[in-house]
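Below is one structure, written out as structure tokens; the observations come after it.
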Amino acid sequence: MFDLKGRTALVTGASRGIGRAIAVTLARQGAWVAVNYATNAAAAEETLAAMRAAGGDGELLGFDVSDVNVAAAAVEELSKRRGGLGILVANAGINVDALLLRAQPEDFDRLLATNVKGTLFLAKAAVRPMMKARFGRIVAISSVVADMGNAGQTMYAATKASLGGMMRSIAREYGARGITANVVAPGFVETDMTASLGDEARKKLVEMTPAGRMGRPEDVAAAVAYLVSDEASWVTGQVLGVNGGLRT
């Protein structure tokens, strides 16, 4: 099950957290994984070391997904060098918290550039080699906040909610070419982002979650491993909530 041997994958934002767990999991399943990072090369090296310790392999690929021309060129070069690109996991994202009355246009522009524009144009670059191979798996990482909303995250929720429509449209455009496009929307996961929360806030999040715990990055990675596998060839245009049962 979920044998990814012979597949080349690109995981963006893979230097830590959920992205790192996804890269390691895909490598463990046999994929060759390009580990994308924007600035933290040392952390990306740790991801690559973890992949190799898990029996996989890959390389580092540094670029900022918001620079769409550089990102597209990197995908094209990677695909040519590897003889194709079978898997794209668009995990890279940023967050700027602000109540609506304090929202600033420049902050929203930054969020759009990374979370939306970066994902869309990476998918565009990846679709080209996928069409040629008549196989492709695109997974965008969203958030439970896209569905339930959250005070202070109006801008972030808007960008993450857009990924559902984006992937459903890609699924319709390229499904006949063997390409699937899906979204994984994690709940509250133990990452650097949630590590700064106080004990009371963490307790409330756990109480909201029927599973009775925070998620682990590996929980999200397991869902991605399924969606990029051959076994998920008839699953496309979907938003999969990996959230411990959390509902709005």
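The values are calculated or read from the model by the stated rules, or taken from the named source; none is laboratory data. Since the model is a prediction, treat every value here as computed from it, not as a measurement. Cβ sites come from the backbone with ideal geometry, for glycine too, and all protein chains shown count toward neighbours. In case anyone asks, the SASA skips ligands and DNA or RNA and just uses the protein heavy atoms, side chains included. Shrake-Rupley method; radii C 1.70, N 1.55, O 1.52, S 1.80 Å.
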Checklist entry - What is the extension gain from residue 203 to residue 95, computed as 0.36 nm multiplied by their sequence separation minus the C-alpha to C-alpha distance, in nm to one decimal? => result 36.7 nm
Next on the checklist: Between 0 and 90 degrees, rounded to the nearest ten: what's the tilt of helix 119-133 against the longest Cα principal axis of the chain?
Outcome noted: 30
Checklist outcome for this item: Longest principal axis of the chain (C-alpha) makes with the long axis of helix 41-53 (C-alpha) an angle, in degrees to the nearest 10, of 60
Checklist outcome for this item: Counting only protein heavy atoms with a 1.4 Å probe and every protein chain in place, the carbon and sulfur fraction of the accessible surface of the chain in whole percent equals 52
Checklist outcome for this item: Listed residues 26, 61, 99; largest mean-square fluctuation, Gaussian network over the chain with Cα springs below 10 Å, found at 99
Item to check | Among beta bridges that DSSP assigns inside the chain, antiparallel share in %, nearest 5 | outcome: 0
Item to check | segment 121-220: Cα Rg divided by the 2.2 N^0.38 Å rule of thumb | outcome: 1.31
Checklist entry - When ligands, DNA and RNA are left out and all protein chains stay put, how many square angstrom of accessible area per residue does the chain have with a 1.4 Å probe? => result 48
Checklist entry - Hey, can you rank 182-193, 102-113 by average C-beta count inside 10 Å, highest first? => result 182-193, 102-113
Checklist entry - What does the convex hull of the Cα atoms come to per residue for the chain, in Å³? => result 121
Item to check | Cα gyration tensor, segment 128-185 - rounded (a/c under 1.5), prolate or oblate | outcome: prolate
